Amino acid sequence: VFKMAKEKGEKRSAVRDVKTMEATIHMHKRLHGNVGFKKRAPRAIKEIKKFASKLMGTKDNRVDSELNKHVWSKGIRNVPYRFRIRFERTRNDDDDATEKLYTLCKVVKFKPSDFKGAETRTIEEDDE
C-alpha cells in the first residue's frame, strides 16, 4: 500500500492529533534476561516511555505519579508482569516547547485475571 506524499501547504493539526489509547504492556518480557535486579524498576519506566513513543508517535512522554508508584509498588526488583496503561496525547501549552504534542501515561486499575483478551483500543472522548 502506497501513501501519497503531503503537499507543501498541507500541515497536520495538533487539535486533530489529540487522542487517547489504552494498551497492555507485557513488562516481564521486556525486563527478563540482561537487566540486573537494581535496575528493573528504572528500566520499566524507560520501557513504558519507549512503548508510548512507538504507539503515539511523540518524543515527549511523561509518566504519571500513580503509574510510577504502581511500577515501584513491589520494590525495585519485583516489577509487576503486566500493566494496563492509558496513553493520552495532548497539546503542549508551554510557549517554549519544542514538541507540539506530548503523551501522558496513566495506570488503569486492572485485576490480573482481566488481562486475558484485553486489547489495545482507542478511547473516544465521550466514553469517559
Inset, instruction - Just need log10 I(q)/I(0) for the chain at q = 0.09, 0.12, 0.13 Å⁻¹, Debye formula, equal scatterers on the alpha-carbon atoms, no solvent, rounded to two decimals. - result: -0.32, -0.54, -0.62
Legend entry - Electrostatic dipole magnitude of segment 68-128 [Cβ: Lys, Arg +1; Asp, Glu -1; Cα centre; debye, to 20]: 840
Inset, instruction - Could you work out the relative contact order of the chain, using alpha carbon pairs under 8 angstrom and six or more residues apart, expressed as a whole percent? - result: 35
Inset, instruction - Leaving out ligands and nucleic acids, note down the accessible area per residue over the chain with a 1.4 angstrom probe, in whole Å². - result: 74
Inset, instruction - Set the Förster radius R0 to 30 Å, insert the Cβ-Cβ distance between E125 and S73 as r into 1/(1 + (r/R0)^6), and round the FRET efficiency to 0.05. - result: 0.50
Inset, instruction - May I ask which of K38/K100; K49/K69; K19/K39; K69/K100; K74/K100; K38/K116 have a Cα-Cα span longer than 24 Å here? - result: K38/K100; K19/K39; K69/K100; K74/K100; K38/K116
Legend entry - K19-K116 pseudo-label distance in nm [points 7 Å out on the Cα-to-Cβ vector]: 3.1
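The values are calculated or read from the model by the stated rules, or taken from the named source; none is laboratory data. In this text, all values refer to a predicted model and were calculated from it rather than measured experimentally. Every residue, glycine as well, gets a Cβ built from its backbone with ideal geometry; the counts of neighbours run over all protein chains shown. Protein only, heavy atoms only, side chains kept; ligands, DNA and RNA dropped before computing areas. Shrake-Rupley method; radii C 1.70, N 1.55, O 1.52, S 1.80 Å.
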